[in-house]
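The values are calculated or read from the model by the stated rules, or taken from the named source; none is laboratory data. Since the structure is predicted, the reported quantities are computational estimates derived from the model, not experimental observations. Don't worry about glycine lacking a Cβ; one is built from the backbone with ideal geometry, like all the others, and counts go over all protein chains shown.
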Amino acid sequence: MKEKSSISKKIFVVASAIGRTSILILGVHITAAIILSLFYTFDIIFKRITTAYPFFILIVKYENGLKADILPLFYFIDNYFKIFIIFSVLIIFFAVIKLFSMDENPFKLIKENIFTKNLSFSHIFLIIFALETMYSIIITLLGITPVIPKLPHPIIVMVIAPVEEEIAARLVLIGIPLIIIDLIKKKNISNIFKEITVGWGEFNKVSIFLIVMSSIIFAQVHVEYGWDIWKFLPAFIAGIGLGVVFVKYGFLLAVLLHFALNSLPYISEFSIMGYNFPLIIIFGYLYSISGFIFLLATLLKYRPKIT
């Protein structure tokens, strides 16, 4: 029995070390990504651009069956697009401040027992990454090569998409229905604003339904615009994680989670004197292993509060 207990302790110590290292790297990852996004922002702000970028929401329409699609509400023309870039950077900046001011911020979380905490922002990010990695491994082993579209300018992927898509997919599809329910219940308006910014904190049957439905729509739109059917599951997984963060922590941290996921390929492109460092591989291994560890711990111990 003592030998088994000793082995269990060693496994726990190793798992804890991997988890803490990954959470610490995530904190550095977010910090590096916000700095990089500022470089991209300054680069494009001082250039002359010609564009008509749509601001859209997600809808469901009937066209040979139910189909998810985007509905442009208006377009940012030329320099007005720069204003939206600055707005998006500010949203992400405030989201970073909010995360790092919380008790669950990555740099504080590593000092605690990471397996006794409820699902934090860091845990959710790592679990999403692990599940998407597992999916990628499976389809690769099956000999499937998904369609990957040519990505636009990094400012759109890193900065614009997290803000615009969280407005369209989480704020509109989850937040507005929950706000309407709160108004029906005659909640104070200030409390409703607080819920949008800091989250509802707990889940109920309605919020879980909205998270699932918004994730299906979010995933289907990715399939329709650039990717193929093999993008549906990873986009759905990401949508679930983003929805959970939105309900638990609010709009800002949902944007930040999206930003962290989208920025990883860009901050992993690191080189010195022409030598490329495989940071994406290092991050990938650590994030995936710790994500699976946290997923297992979550399945065994964590039970969300549903009202």
Can you confirm whether segment 61-78 contains a residue that is of a type in the set (S, T, N, Q) and modelled with pLDDT under 95?
yes
Selection within segment 34-77 - assigned to a strand (DSSP E or B), without any contact (Cβ under 8 Å) to a residue 24 or more places away in the chain and within 20 Å of Met158 (Cβ to Cβ)
Pro54
Which one is modelled with the lowest pLDDT among residues in segment 269-305 that are assigned to a strand (DSSP E or B) and touching a strand residue (DSSP E or B) at 6+ places or on another chain (Cβ under 8 Å)?
Ser271
Could you run through segment 8-60 and say how many residues are hydroxyl-bearing (Ser, Thr, Tyr) and modelled with pLDDT of 90 or more?
7
Can you tell me how many residues within segment 201-243 are farther than 22 Å from Ile139 by Cα and at pLDDT below 90?
2
Being of a type in the set (S, T, N, Q) and not in a helix (DSSP H, G or I) is the filter; apply it to segment 180-205 and report the residue that is surrounded by the fewest Cβ atoms within 10 Å (Cβ to Cβ).
Asn188
Answer from Ile128, Ile138 - the residue that is in a helix (DSSP H, G or I) and surrounded by fewer than 14 Cβ atoms within 10 Å (Cβ to Cβ):
Ile138
Tell me yes or no: at least one residue of segment 78-85 is surrounded by 11 or more Cβ atoms within 10 Å (Cβ to Cβ), touching a residue at least 60 places away in the same chain (Cβ under 8 Å) and of a type in the set (Lys, Arg).
no
Filter result for Val157 (closer than 26 Å to Glu195 by Cβ and either touching a helix residue (DSSP H, G or I) at 6+ places or on another chain (Cβ under 6 Å) or surrounded by 14 or more Cβ atoms within 10 Å (Cβ to Cβ) (or both))
no
So, in segment 114-147, of the ones that are free of Cβ contacts under 8 Å to residues at least 40 places away in the same chain and among the polar types (S, T, N, Q), which residue ends up farthest from Ala235 (Cα to Cα)?
Thr116
